[in-house]
């Protein structure tokens, strides 16, 4: 997405400045591709983030959810000594990492699990009642007075 100019969109939208800044800065902030991850949409309001964390145990992983930020940290201790001498080629990345995901408003972490080297985090989008769509009934043939919010006589 290098070289994509968002200026025309900024001129015709209101209140999306933060979103455009996130789009612009998201790729620059995450140059390191470790650990690889997938983001899936399970349903309209549920998402699943899966990170490949081969070689890490649950005690070596931390998941922190703050407002609009999900941070996954892995701390792998370097192993030296007798076991290290037996390894001829290291193909599995055994290193510490920190991966951050920007979350939309009203997204919370529902569950997390580690199985077969895959860390799975389930996210739920819970919009407050005031933000959910409502169907508005139309008064048949009556004019509503805006000042009193009642049918005009």
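The values are calculated or read from the model by the stated rules, or taken from the named source; none is laboratory data. Please read all numbers here as calculations on a predicted model, not as lab measurements. For neighbour counting, all protein chains shown are included, and Cβ atoms are generated from backbone atoms with ideal geometry for every residue, glycine included.
A few remarks follow.
- Residue match in region 61-73 (condition: part of a loop (DSSP other than H, G, I, E, B), at negative phi, within 16 Å of the chain's Cα centre (by Cα) and modelled with pLDDT of 80 or more): yes
- Complete set of residues in region 24-53 that are at pLDDT below 90 and either farther than 22 Å from residue 124 by Cα or surrounded by 11 or more Cβ atoms within 10 Å (Cβ to Cβ) (or both): 24, 25, 26, 27, 28, 29, 30, 31, 32, 33, 34, 45
- Residue 140 vs. criteria over 27 Å from the mean Cα position of the chain (by Cα), at negative phi, outside the structural domain of residue 45 (by TED's automatic domain parsing) and modelled with pLDDT under 90: yes
- From 80, 106, residue being modelled with pLDDT under 90 and under 14 Å from the mean Cα position of the chain (by Cα): 106
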